Amino acid sequence: MSNIEIDNNANENGFKSKAALVVSIFAMVLALSNIGSSNASGEATEQNILASNVYSFFQAKNIRQTQFKLSADSLEIALSNSEKLNPATKAVMEKKLEAYKKTIERYESEPETGEGKKELLLKAKEHEKLRDKAVLKDPWFDYAEGLLQVSIVLASVAIVTSTPVMLVGSVILGILGTLSTLNGYYLFF
C-alpha cells in the first residue's frame, strides 16, 4: 500500500468521523427540539383549559351576581311601597336587601379568596398569555425538527458518498435547526 492510499484512507476516515459527529450532535438537538415541541403543545393545551375553566367560573359568578341584583331591585321596588308594609316585614326586607348588596359587591371583587369577578378575569387573562406564548413557541420546534432531520439525512449521505458538499449543507441546515430550537425555547425573534 502506498503512502497516498494510506493518506486517502486516513482522510476518508477523518471525514467520516467528522460527519458521524455532526449526525450525533444534530440528533441530540433534534431530541431536545422534540421535547420542547411536546412541552409547548402540552402547555398551550393546559393553559387553554385553565383559561376556559376560569372564564366559566367568572360567568357563573356573573349569573349569580345578576340574580342577586334582580332580587335586590325587586326588594327596592317593594320597599318603595313601604307604607303598606308592617314594620317587621319592612325590617326583614331591608336586612335582606343589605345582604344582597354585600353579596353583589363580594361577587365583583374578593381579593382574600381570589374568586371575585375582577380576580377571576385577571387569572383567565394570565392563562391566556401563557397559552399564547406556548403557541408562539410550537412552530419553531416544528421548523427545527424538519431542518434537523434533513441535516441528519444529508450528513448520512455524506458519510456513504464521502461528499464534503453534503456535509457542508448538513451543517448549515443543522445550525438553522439549532437556532430554531433555541428560539422555540427562548423566543429571541
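The values are calculated or read from the model by the stated rules, or taken from the named source; none is laboratory data. These numbers were taken from a predicted model, which means no experiment stands behind them. Cβ atoms come from the backbone with ideal geometry, glycine included; neighbour counts cover every protein chain shown.
Being out of contact with any Asp or Glu (no Cβ under 6 Å at 6 or more places or on another chain), surrounded by fewer than 16 Cβ atoms within 10 Å (Cβ to Cβ) and either among the hydrophobic types (A, V, I, L, M, F, W, C) or under 19 Å from Asn48 (Cβ atoms) (or both) narrows it down to one residue among Lys129, Lys118, Lys137, Lys123; which is it?
Unique residue meeting the criteria: Lys129.
A search for C-beta distances below 7 Å between a residue of the stretch 94-107 that is under 16 Å from Leu120 (Cβ atoms) and any residue that is among the charged types (D, E, K, R) and part of a helix (DSSP H, G or I), counting only pairs 6+ apart in sequence or on different chains, returns Ile104/Lys69; Tyr107/Lys61; Tyr107/Arg64; Tyr107/Lys117. Taken over the stretch 152-189, the criterion of being of a type in the set (Ser, Thr, Tyr) and at positive phi is satisfied by Ser162 alone. Is there a residue in the stretch 94-109 that is of a type in the set (A, V, I, L, M, F, W, C), part of a helix (DSSP H, G or I) and over 43 Å from the mean Cα position of the chain (by Cα)? Yes, the stretch 94-109 contains at least one residue that is of a type in the set (A, V, I, L, M, F, W, C), part of a helix (DSSP H, G or I) and over 43 Å from the mean Cα position of the chain (by Cα).
Only one residue in Lys69, Lys61 is of a type in the set (D, E, K, R), within 30 Å of His127 (Cα to Cα) and within 31 Å of the chain's Cα centre (by Cα), so which one is that?
Lys61
Each row is one residue, and each column tells you yes or no for (1) within 30 Å of Glu108 (Cα to Cα); (2) at pLDDT 95 or above; (3) among the aliphatic types (A, V, I, L, M); (4) part of a helix (DSSP H, G or I).
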| site | (1), (2), (3), (4) |
| --- | --- |
| Ala10 | no, no, yes, yes |
| Val22 | no, yes, yes, yes |
| Asn34 | no, yes, no, yes |
| Gly42 | no, yes, no, yes |
| Glu46 | yes, yes, no, yes |
| Ser56 | yes, yes, no, yes |
| Lys61 | yes, yes, no, yes |
| Gln67 | yes, yes, no, yes |
